[in-house]
1. Which numbered condition in (1) more than 24 Å from Gly110 (Cα to Cα); (2) surrounded by fewer than 22 Cβ atoms within 10 Å (Cβ to Cβ); (3) at pLDDT 95 or above; (4) not aliphatic (A, V, I, L, M) is the only one that Cys237 fails?
2. Quick test of your reading of the structure: Ser203 fulfils all but one of (1) of a type in the set (Ser, Thr, Tyr); (2) touching an Asp or Glu at 6+ places or on another chain (Cβ under 8 Å); (3) free of Cβ contacts under 8 Å to residues at least 24 places away in the same chain. Name the failing condition by number.
3. Please verify whether region 4-17 includes one or more residues that are in contact with a strand residue (DSSP E or B) (Cβ under 9 Å, 6 or more places away or on another chain), assigned to a helix (DSSP H, G or I), surrounded by 13 or more Cβ atoms within 10 Å (Cβ to Cβ) and at pLDDT below 95.
4. Please work out which residue is nearest to Pro70 (Cα to Cα), limiting yourself to region 171-184 and to residues that are buried (at least 17 other Cβ atoms within 10 Å of the Cβ) and not hydrophobic (A, V, I, L, M, F, W, C).
5. Kindly evaluate Glu214 against the criterion of being acidic (Asp, Glu), at pLDDT 95 or above and out of contact with any Leu (no Cβ under 7 Å at 6 or more places or on another chain).
6. Name the residue that is farthest from Gly112 (Cα to Cα), counting only residues in region 46-65 that are in contact (Cβ under 8 Å) with a residue 12 or more places away in the chain and hydrophobic (A, V, I, L, M, F, W, C).
7. Quickly run through region 185-204 and pick out the residues that are buried (at least 17 other Cβ atoms within 10 Å of the Cβ) and in contact with a strand residue (DSSP E or B) (Cβ under 7 Å, 6 or more places away or on another chain).
8. Somewhere in region 148-155, is a residue surrounded by fewer than 22 Cβ atoms within 10 Å (Cβ to Cβ), under 20 Å from Leu136 (Cβ atoms) and aliphatic (A, V, I, L, M)?
Amino acid sequence: VLAAIAPGRVSAGGNIGPRNMLIQYYSLINSRQYSLAYQQWVNPVQTYQDFVNGYATTASVSTYFGGFQPEIAGGITGAVPAILVGVDIYGQPTAYSGCYFLRYNDTSSGLGLWSITGANFAQTQVAVATASQEILKGIDCYNHHNIYGVYDTPEYTLSNYYQLVNLADYASAYAHWIRPSQTYQQFVTGWADTSETVLFYGSYQSVNRVGAAETGRIPVVLFGYHNDGSLVGYQGCIGIGFNANVPGGWGLAAAYLRPMVFTTTPDDWTISQALSARCY
């Protein structure tokens, strides 16, 4: 979506997305800067000493992260799926998969823009790291899948679309468009300078038109983090319709977005207002 509209308001340099925050969090851990890593936690379940002791026999941790999954409509919390492979001082690897739960902090900067509020991990096979992208696509941090393993609501379908974009699975993401306005190559090229995208969404608003390509819209706020550290923000609505070619049956029909107005990073109030706006 971001690639198909005019450039938005840009905040230059130093903007860190949720996935990049976690990458830097583990960089601090691997370099034994535990106090800085510990500061990323809000209400940590461990004391600082227990946190440090937990890495006493860890030589290094390799990480694989998915994209930000928003928790609920209208919220600024979410989760990032992850695979962690730790190697101990004896050379033995241990792997875990799960989620980090995060909150956006509009009054902070740098690593402080995103805080860790919790984590949920289980031990898994070390070999999963070799197929990390497919496994990350299957990690549903909030159990938004239905019993058939697909996203079957408009909101969850939109969230999954950006998850695919953040994993660079552009073919699967492109397939979500009912009538794409770009060629596939244009779509891929449009994401070339984006390191990650964050979606916040409101509640689906139905238009109640039987047989229409667009059956409703979802109010959204989008953050686009660029490779140079700059940030662009958009607000508006995404048109949704039925798409038999996508599991779950929903697809993207159109984007109605405009640049957000902000100084350094969008504030909570502006995001909240955008997510509660009427799309029709």
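1. (2)
2. Tallying (1) of a type in the set (Ser, Thr, Tyr); (2) touching an Asp or Glu at 6+ places or on another chain (Cβ under 8 Å); (3) free of Cβ contacts under 8 Å to residues at least 24 places away in the same chain, Ser203 fails exactly one: (3).
3. The answer is yes; a qualifying residue exists.
4. His176
5. Against the criterion (acidic (Asp, Glu), at pLDDT 95 or above and out of contact with any Leu (no Cβ under 7 Å at 6 or more places or on another chain)), Glu214 does not qualify.
6. So the first thing to find is which residues in region 46-65 are in contact (Cβ under 8 Å) with a residue 12 or more places away in the chain, and the list is 48, 51-52, 55, 57-65.
Subsequent filtering for residues that are hydrophobic (A, V, I, L, M, F, W, C) retains 51-52, 59, 61, 65.
Values: Phe51: 19, Val52: 20, Ala59: 26, Val61: 22, Phe65: 19 Å.
Among residues in region 46-65 that are in contact (Cβ under 8 Å) with a residue 12 or more places away in the chain and hydrophobic (A, V, I, L, M, F, W, C), the one farthest from Gly112 (Cα to Cα) is Ala59.
7. The initial filter retains those residues of region 185-204 that are buried (at least 17 other Cβ atoms within 10 Å of the Cβ), namely 187, 191, 194-202, 204.
Result: Thr194, Ser195, Glu196, Thr197, Val198, Leu199, Phe200, Tyr201, Gly202, Tyr204.
8. Yes, region 148-155 contains at least one residue that is surrounded by fewer than 22 Cβ atoms within 10 Å (Cβ to Cβ), under 20 Å from Leu136 (Cβ atoms) and aliphatic (A, V, I, L, M).
The values are calculated or read from the model by the stated rules, or taken from the named source; none is laboratory data. Keep in mind that this is a model prediction, so the values were computed, not measured. Cβ: placed from backbone, ideal geometry, glycine included. Neighbour counts: every protein chain shown.
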